[in-house]
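First comes the structure, then the notes that go with it.
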Amino acid sequence: MGGAGATDVGQSAQSFKDPIPIPNMLMGAVVLLRPVPRQVLLRWMLESDAVANCSLAEGMPNALLEAAALGVPVIARNIPGNVRVVRHEVTGYLFDRPDEFVERFLGLDPAADGAWCDDACAGCSLDSLPYDHGASGTSSAAAVRGAMGKHAMEMISSDFSCESEEASWHGLLREVMGTE
């Protein structure tokens, strides 16, 4: 796709990876990137194991909606805006404390695949899905990511479709106008 002013994703992606200077206390733990074109961001999301949202407050978290639409699970702080988009242990994970974030991340990280994910999958709603948790060469983390991604895409098409949004707005207007 081209056109006047179109961004060449391949050429420009590297320049956005130059880190922004951060305070010494965060050095090595956090990498801040400059704003990137939407095409680059979506490609990075698709290449990711998960998308994290550590915000203290959210309205409607667009980044989480985009990740869900792409089938990428999310790990998000348990706050009102995120709760609307993330169904805990179905489309992603919600966390309240930093140690929970780390635990959830390890459950989706292929490099840290192991007992934690197996234990988490044993009691969650993902067991009913047709995914093989840990057998035949598929890692538990990969199975969980696949299941969550599938559910996230289904949630977007049912709960956030144009038809669903239109019905919500019509309902609100009828309620406000007293025509229900």
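The values are calculated or read from the model by the stated rules, or taken from the named source; none is laboratory data. Remember, predicted model here, so these are calculated numbers, not experimental data. Cβ sites come from the backbone with ideal geometry, for glycine too, and all protein chains shown count toward neighbours.
Within region 65-92, count every residue that is assigned to a strand (DSSP E or B), touching a residue at least 60 places away in the same chain (Cβ under 8 Å) and more than 14 Å from Leu108 (Cβ to Cβ).
Filtering region 65-92 for residues assigned to a strand (DSSP E or B) gives 74-77, 88, 92.
Next cut, touching a residue at least 60 places away in the same chain (Cβ under 8 Å) only: 74, 92.
From what is left, the residues that are more than 14 Å from Leu108 (Cβ to Cβ) are none.
Final tally of qualifying residues: 0.
Does region 45-64 hold any residues that are assigned to a helix (DSSP H, G or I), touching a residue at least 12 places away in the same chain (Cβ under 8 Å) and either hydroxyl-bearing (Ser, Thr, Tyr) or over 17 Å from Val90 (Cβ atoms) (or both), and which are they? Steps first, answer last, please.
Going residue by residue through region 45-64, those that are assigned to a helix (DSSP H, G or I) are 45-46, 62-64.
Retained after the next criterion (residues that are touching a residue at least 12 places away in the same chain (Cβ under 8 Å)): 45-46, 63-64.
Result: Met45, Leu46, Ala63.
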Report, ordered by the first and then the second residue, all pairs with beta carbons closer than 8 Å, sequence separation of six or more or different chains, a first member in region 93-104 that is outside any helix (DSSP H, G or I), and a second member that is among the small types (Gly, Ala, Ser) and surrounded by 15 or more Cβ atoms within 10 Å (Cβ to Cβ). Tyr93/Ala76; Tyr93/Gly107; Leu94/Ala76; Phe95/Ala76
When you look at Val72, is it modelled with pLDDT under 90, under 18 Å from the mean Cα position of the chain (by Cα), of a type in the set (A, V, I, L, M, F, W, C) and crowded, with 19+ Cβ neighbours inside 10 Å, yes or no? no
Going through region 150-164 in order, the residues found to be within 23 Å of Asp49 (Cα to Cα) and of a type in the set (S, T, N, Q) are Ser157
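Here is a yes/no grid of residues against (1) under 23 Å from Phe160 (Cα atoms); (2) of a type in the set (Val, Ile, Thr); (3) modelled with pLDDT of 80 or more:
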| residue | (1), (2), (3) |
| --- | --- |
| Ala57 | yes, no, yes |
| Pro61 | yes, no, yes |
| Gly81 | yes, no, yes |
| Arg97 | no, no, yes |
| Asp119 | no, no, no |
| Ala135 | no, no, no |
| Ala142 | no, no, yes |
| Gly149 | yes, no, yes |
For residues that are in contact with a Phe, Trp or Tyr (Cβ under 9 Å, 6 or more places away or on another chain) and closer than 23 Å to Cys162 by Cα, scanning just region 83-95, find the one that is surrounded by the most Cβ atoms within 10 Å (Cβ to Cβ). Val86
